[in-house]
Amino acid sequence: MNAIHNHISSEAITGLSRIGEHENFVITRDLNMVQQVRIITLDASSGLPITEQILADESLTSDQKKAALQRYADQIVTRQTDGSYVDFQGRVVPADYEGESISQRDFFQSITLGSLKQMGVAINDSTSVASLIYLLIQREIANIDSRGGL
């Protein structure tokens, strides 16, 4: 695997397809987490990143390329657990949520191999720690997207 990515919801205005690609994941000193996701817009006909199509298009002038690259530039979205609360299913809720909630950091710290198995993750003695981390990052990209965060 060379990158962690998911197809995410289409761009709201144009309807163009997009990919959310893992950019960065950091665990801070207080054990909160910060995840950055690169949003890449895809060309409707080829399914390739629009920026690649723009760069390869020899019919465009340099000014046209510059304008198009600005319009379709990858976006970096940053989300963090600090100050974020979730219900016991892991859905983000407001800090003043009336039901039971816990900090998102505490929720992530409570995930066990057993709870991953209950989510349908196939884990066995040969499952690498790296593959579990990648899976959790990929799932969180999907979760952020489902909340409208991408």
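The values are calculated or read from the model by the stated rules, or taken from the named source; none is laboratory data. Just so it is clear, the model here is predicted, and its values are computed rather than measured. Ideal geometry is used to build each Cβ from the backbone, glycine not excepted, and the neighbour counts take in all protein chains shown.
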**Q.** Count of residues meeting criterion [of a type in the set (Gly, Ala, Ser) and either assigned to a helix (DSSP H, G or I) or under 22 Å from GLU21 (Cβ atoms) (or both)] in segment 91-139
**A.** 5
Q | In segment 52-99, the residues that are under 22 Å from SER146 (Cα atoms), hydrophobic (A, V, I, L, M, F, W, C) and exposed (fewer than 13 other Cβ atoms within 10 Å of the Cβ) | A | ILE76, PHE88, ALA95
Q. Is one or more of the residues making up segment 21-32 under 25 Å from ARG139 (Cβ atoms), assigned to a strand (DSSP E or B) and touching an Asp or Glu at 6+ places or on another chain (Cβ under 7 Å)?
A. no
Q. If you take the residues in segment 33-55 that are assigned to a loop (DSSP other than H, G, I, E, B) and among the aliphatic types (A, V, I, L, M), which one is modelled with the lowest pLDDT?
A. ALA44
**Q.** Pairs, first assigned to a helix (DSSP H, G or I) in segment 56-83, second surrounded by 13 or more Cβ atoms within 10 Å (Cβ to Cβ) and of a type in the set (Asp, Glu), C-beta under 9 Å, six or more apart
**A.** none
Q) Which one is farthest from ASP125 (Cα to Cα), of the residues in segment 87-110 that are of a type in the set (A, V, I, L, M, F, W, C) and at pLDDT 90 or above? A) ILE102
(Q) Please pick out the residue among ILE40, ILE8 that is surrounded by 14 or more Cβ atoms within 10 Å (Cβ to Cβ), of a type in the set (A, V, I, L, M) and in contact with a Leu (Cβ under 6 Å, 6 or more places away or on another chain). (A) ILE8
Q | Pair list, Cβ under 7 Å, 6 or more apart: segment 42-54 residue touching a residue at least 12 places away in the same chain (Cβ under 8 Å), other residue acidic (Asp, Glu) | A | ILE50/ASP43; THR51/ASP74
Q: Return only the number of the condition from (1) in contact with a Lys or Arg (Cβ under 9 Å, 6 or more places away or on another chain); (2) closer than 18 Å to VAL26 by Cβ that ILE123 does not satisfy.
A: (2)
Q: Go through (1) in contact with a helix residue (DSSP H, G or I) (Cβ under 7 Å, 6 or more places away or on another chain); (2) at pLDDT 90 or above one by one and return the number of the condition MET1 breaks.
A: (2)
